[in-house]
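Contents: one structure, followed by commentary.
The values are calculated or read from the model by the stated rules, or taken from the named source; none is laboratory data. Just so it is clear, the structure is predicted and the values come from calculations on it, not from any experiment. When we count neighbours, we look across all protein chains shown, and the Cβ atoms used for this are built from the backbone with ideal geometry, even at glycine. These area figures cover heavy atoms from the full protein model, side chains too; ligands, DNA and RNA do not enter into them. Shrake-Rupley method; radii C 1.70, N 1.55, O 1.52, S 1.80 Å.
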Amino acid sequence: MAPSPAPDFRLSQTAPRDPPRRLVAVGLAASFLLAGFLFTVLLYAGVTGRLFGDAPPDIVASAAIQAGCSLLAFGVLTWAVGLRAARLSPADLRWVPGGGRGFPKGLGFGALPALVIMVLGVLTAGAAWSADGGTATEWFSNLTGLLALLGPAALAEEVIFRGLPLVILARALGRWPAVVGLAILFGAAHLFNPDITVIGLVNIVLAGVFLGLVFYLPGGLWTATGAHLGWNLTLASLAAPVSGLPLPVPGLDYAPGSPLWLTGGAFGPEGGVLASGVLLVAIGMVARILAKETQA
């Protein structure tokens, strides 16, 4: 009796398929995520001599090392599970040829809503900035460091949550179930971030939905990575915490204003109701763009 062929996820499909196919897709995605996180933990422990649960001496350096370990671990697994086991091509994974053109567009997709949230904080909650004695030259120099930190982190999280798992699950379950399911896991991955709140956790899930939809815009993974970086870099360059991670910026101190449920407080703008509203609008706008492309 001939062996059963390996599951082929290369076909263009967005509607739910038969139960065996769905189970295979969920199994592959779960294996990818579990193995990747285990591989990341081992790499991180090998590099730092610490586990994730230990209090790092430098939270920013720890985050940078974690991003590098995640990118290596999940990059290798994308090749092993996606290209080899699932027989997907780079184009299937939306590593679109010429997709780098989507990156600057993605930066705009992410930066604009983040900037809107910050402006709304000023107008509605008294958020404000004050000078801390740093110079403009120091601010620009620090911006390079932020790019070096946040760029790999954004790419790593997109490879993890909007790369192979999203492609496999969307083709077996449908796009929306896959986007929402992985967004919930994306939120869970931030559960132990500093100063996390319930609103902040909900907003991280909404951000995951937003980025999952951006992933399907022209440019694929590069556009989603640009949006992720644009969001984080806008907040960080304006001295606001990013998902609870404080990133000191020379020249600026940021006061979020009050009430904290509106502005996010110590977790940063992502922790407030202002971010909830802006993210819902952003999700609706990207969904409309995708709907028009489908009808065209």
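Along the charge dipole of the chain, pointing to its positive end and built from +1/-1 on Cβ of Lys, Arg, Asp and Glu, which listed residue (GLY272, GLY68, GLY244) has its Cα farthest out?
Going by the Cα projections, it comes out as GLY68.
Kindly write out, for segment 25-31 in residue order, the coupling ³J(HN,Hα) from the Karplus curve 6.51 cos²θ - 1.76 cosθ + 1.60 (θ = phi - 60°), rounded to whole Hz, with x marking Gly and Pro.
Couplings: 4, 4, x, 5, 5, 5, 4 Hz.
With charges set only on the Cβ (+1 for Lys and Arg, -1 for Asp and Glu), what does the dipole of the chain come to about its Cα centre, in debye to the nearest 20?
Computed charge dipole of the chain: roughly 1260 debye.
Where does the charge balance sit around LEU260 when Lys and Arg score +1, Asp and Glu -1, over other residues with C-beta under 13 Å from its C-beta?
Local net charge: -2.
Evaluate the chain: find the radius of gyration of its Cα atoms, find its Kirkwood radius, and give the ratio Rg to Rh.
0.99
Starting from a Cα-only point model with no solvent, please compute log10 I(q)/I(0) by Debye for segment 145-272 at q = 0.15, 0.19 1/Å.
-0.69, -1.03
Multiply the residue separation of ALA189 and LEU72 by 0.36 nm, subtract the distance between their alpha-carbon atoms, and state the gained length in nm to one decimal.
Contour length minus Cα-Cα distance gives 40.3 nm.
How far apart, in nanometres, would the label points at ARG22 and ARG101 be if each is projected 7 angstrom from Cα along the Cα-to-Cβ direction?
3.8 nm
Which of the peptides 223-229, 195-201, 177-183, 254-260 is most tightly packed, and how do the rest follow, going by the mean number of other Cβ atoms within 10 Å of each residue?
Answer by packing, highest mean first, reads 223-229, 177-183, 195-201, 254-260.
More than 12 Å apart: what percent of Cα pairs in segment 237-278 qualify?
53 percent
Show me the ranking of peptides 282-290, 237-245 by mean Cβ neighbours inside 10 Å, starting with the highest.
237-245, 282-290
Which order do TRP231, TRP129 take when ranked by solvent-accessible area (1.4 Å probe, heavy atoms of all protein chains), largest first?
So, going from the largest accessible area down, we get TRP129, TRP231.
Averaging sequence separations of C-alpha pairs under 8 Å and six or more residues apart, then dividing by the length of the chain, give the relative contact order as a whole percent.
Answer for the chain is 26 percent.
Given that compact globular proteins tend to follow 2.2 N^0.38 Å, what is the ratio of the alpha-carbon Rg of segment 214-296 to that value?
1.30
Hey, can you rank 266-279, 31-44 by average C-beta count inside 10 Å, highest first?
Result, highest mean first: 266-279, 31-44.
If you take the Cα atoms of segment 81-182, find Rg, then find the Kirkwood Rh from the mean of 1/r over all pairs, what is Rg/Rh?
Answer for segment 81-182: 1.11.
Which ³J(HN,Hα) values in Hz, rounded to whole numbers, follow from the phi angles of segment 168-178 under the Karplus curve 6.51 cos²θ - 1.76 cosθ + 1.60, where θ = phi - 60° and Gly and Pro get x?
5, 5, 5, 6, 9, 10, x, 5, 5, x, 5
Taking the Cβ of ALA207 as the centre, find all other residues whose Cβ is under 15 Å away and add up their charges (Lys, Arg: +1; Asp, Glu: -1).
Residues near ALA207 contribute -2 overall.
GNM, the chain, Cα, under 10 Å: largest mean-square fluctuation among ALA236, ALA154, ALA131?
ALA131
Whole-Hz Karplus ³J(HN,Hα) for segment 136-152, in order, using 6.51 cos²θ - 1.76 cosθ + 1.60 and θ = phi - 60°, x for Gly and Pro?
With coefficients 6.51, -1.76 and 1.60, one gets 4, 4, 5, 4, 5, 5, 5, 4, 4, x, 5, 4, 5, 7, 7, x, x Hz.
Which residues' amide hydrogens lie under 5 Å from the amide hydrogen of ASP132, considering only partners 5 or more residues apart or on another chain, with H built in the peptide plane?
Under 5 Å from the amide H of ASP132: GLY251, LEU252, ASP253.
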